[in-house]
Amino acid sequence: MKRSLSESKGNKSTKSNNGVDVYDFVDDDHEIEKPKKICLTRSSSSNNNPKLDNPFQFLKKSRNPVMFKHTFNGSDPIVISNTEVKKSNNDEISVVRSSGIGENYGEPSTLSVEGRSPQRVKENGEMSDHKNDVYYVVQGLRDPSINIKILSGVHLARKCIEPQFRHFCRTQDVFDLFLKHTKDLINSSSSMALVISTVLYLLSRDKEKFPYSDRAGEAILQLVKVEVVDSDDYKKAKDKIKAILDKWFETTNYMSSKQIKFQLTDEMLSPKNLALEALVFICISNGSSKFRDTIKTNGTLEWIIDELGVVTNECIMNNSLNCRKLNILLRIIQNMSINHKNNKYFLITHDSNSCLKSLEKLFTFFCMTIEKDCSKEEPMKNELSQTFQLVLNILVTLTEENEISSSILGKSDGFLKKLCDVIFCWGPQNISEKHKFSITIACSGCLANTIESCGKNRKIIINEKCNYFDSENNVVQESTILVSFAKHFKYWESKITLIDEDMDNMLDIENDLEEDDTLISDEEKSKDRKGDIQERNYMLKLRMEQKERDCDALFTEAADKYATSHMEANLIASFSAINLGLLLQDNEELADEVRKYLVNESFAPIINLLQRYLEFTSHINQSGSNACSKAINQIIENLGNFDSLR
């Protein structure tokens, strides 16, 4: 709402009483609910009234300073000197702030000029510009013409290239206001749906929390379901959106030290794909329980599960993986299931366990790909490995302390055996070093969950055989799963010992450096003059400083070289020990079979490692699961009994 000065009223209670004229802005009754936009300039409407043409005319006749105030303006009153009004309209008007005038505002003598920092002035100017831009967009959205609505939306998307404007939109709920005028057009206008999804995507890509609301959730669900009508208007809108996204990508990478990845293809430029991509980032930035409850309540999670089933069947039918789309759906499911029992239960039970069945199909498909299409020379591609990792992570989450999911997966043909094949054979040979550790841990964790939660699964695999890759001899052997875990633990426990020895050797080198000090004998001191001794001491000081730098460099090198590998070896060996203990339980015959593959035929190394694992998880606050801690403590007790009874 624009308000010219000529529409103001004099305040009788304060006017001229204390040497200041006070003018009130009064809203019309029919404009009270409208957005308020104050403009201390000439009125934009053309009018023959000379008073309206020159709204500052009344200031020239005033003998006192003039103060403007408005009921919705919570700031201090603004007092403008009437002597400055007589200057040219192009001159700047000096503004002074009053701490109070008269009985209500203070004495006139308290008036003082308060300077503002350039940064504050700049921020206020940017805020004003952003408000004007939003006001302009809203006015366009109120126009009955659909083309003007689309152009207004495109203008908003273009403004979202600027990080400051995106921050303003998030803090002022601009997207919710935008949806208020456009949500009803999503199904009827493909162009508007594309524009809305673009604004949604740009606002979601920053690290700041996205202002998610019920209206935004409903709009996202509409966008992922919308059917695009490929018309000329849609192609024009698509070209404009492509230019905006290209500019955003260029600007973001220029302003950020960390380069972002952005695959802008014609296939991606659709309301559905942009909305799905945005939903991934919204899930990452907003981890509240209320948000995840809303995702399930409004039907979005149900649609994601159904879409996962469709994409999975397409991949298996075409014998190829659309990793980009799968990756998006799996990331959303992963974020929705972590630490949320209701969503986890919904994912397991919805539509006769359709989500679990889709994940099991994907797991089997990935196993076939690893076995047939990958080798040590040509390991699994990074994109496939990342998607496979997501499948395994979700399976670990869904099987944790859940008998239903563990029982369903245990009944699947060969699922448990394939987990072991990945751990012992396919993983060491056909998966790249970058993903080998994470995939091995995920498979081991999933197997441990299914055995611990469902006793029937232990009986299924206790005598099952699988292939074991002996990396030392570079051969593949067939062994029972129980024996394979014993061999696997022995291999990784020996690697831990080797890493410890290498680190000790490096520390010995460091000690040698520290002890290698050249001392000056008394005989040399007597021969040398005082100046020579001082010079020699200075050289020794420089040498000591260099040795300290060499020691620090060695320590850093040792940390970089061994810290990661030491941690990975400990975790893999720990998970092997956990699975071995879950399979053994208190069976002495099986314990005797496993014992001969261990060092000194003792379970002491396994016990020590599991105790260190419990201590490690307690330090990083990962021992919250009482069932997990109890299971490991029970394993330690059983293994200790085996050694004591021997």
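A short reminder: the numbers here are calculations on the coordinates, not readings from a lab. Remember, predicted model here, so these are calculated numbers, not experimental data. In this analysis, Cβ positions are derived from the backbone assuming ideal geometry, glycine residues included, and neighbour counts consider all displayed protein chains.
Some observations on this one:
- In this simple spin-label approximation, residue 549 and residue 228 carry label points 7 Å from Cα along the Cα→Cβ vector, and these lie 5.8 nm apart.
- Formal net charge of residues neighbouring residue 497 (Cβ-Cβ distance under 14 Å; K, R +1; D, E -1): -2
- A convex hull fitted to the Cα coordinates of segment 432-489 yields 85 cubic angstrom per residue.
- When the Cα positions of 216, 189, 163 are compared along the charge dipole of segment 145-247, 163 comes out farthest toward the positive end, with charges on each C-beta of Lys, Arg, Asp and Glu.
- Packing-based exposure ordering (other Cβ within 10 Å, fewest first) of 220, 260: 260, 220
- Extension gain, residue 637 to residue 477: 0.36 nm times the residue separation minus the Cα-Cα distance gives 54.4 nm.
- Taking label positions 7 Å along the Cα-Cβ direction at both residue 630 and residue 432, the computed distance is 4.3 nm, reported to one decimal.
- Cα-Cα P(r), segment 258-343, percent of pairs per 5 Å interval: 2, 12, 23, 24, 18, 12, 7, 1
- The share of alpha-carbon pairs in segment 175-253 lying farther apart than 15 Å comes to 58%.
- Descending Cα extents along the principal axes, segment 392-460, whole Å: 33, 21, 15
- Comparing 382, 365, 427 along the charge dipole axis of segment 291-461, the residue lying farthest to the positive side is 427, per the Cβ-charge model.
- Rounded to whole Hz, the Karplus (6.51, -1.76, 1.60) HN-Hα couplings of segment 165-177, x for glycine and proline: 5, 5, 4, 4, 5, 6, 6, 9, 6, 5, 5, 5, 5
- Centroid-to-centroid separation of segment 273-323 and segment 165-223 [C-alpha atoms, Å]: 18
- The distance between label points at residue 593 and residue 298 comes to 5.5 nm (points 7 Å beyond Cα on the Cα→Cβ vector).
- Counting 0.36 nm for each residue step from residue 462 to residue 377 and taking away their Cα separation leaves a gain of 27.3 nm.
- Order of 602, 189, 453 under a 10 Å beta carbon neighbour criterion, fewest first: 602, 453, 189
- Neighbour counting of Cβ atoms within 10 Å sorts the residues 266, 143, 306, 421, fewest neighbours leading, into 266, 143, 306, 421.
- Neighbourhood charge, 12 Å Cβ-Cβ cut-off, centred on residue 293 and excluding it, Lys, Arg +1 and Asp, Glu -1: +3
- Using R0 = 35 Å, the C-beta based FRET efficiency linking residue 268 and residue 357 works out to 0.80.
- Considering only Cα atoms, the convex hull volume of segment 116-286 works out to 115 Å³ per residue.
- For the set 361/436; 131/325; 207/381, the pairs lying more than 27 angstrom apart at their alpha carbons are 131/325; 207/381.
- Rg and Dmax of segment 291-461, Cα atoms only, in Å: 15.4, 48
- Over 23 Å (Cα to Cα) - which of 376/434; 209/238; 434/456 fall in this group: 209/238; 434/456
- Lys, Arg +1 and Asp, Glu -1 on Cβ, resulting dipole of segment 291-461 about Cα centre, debye, nearest 20: 220
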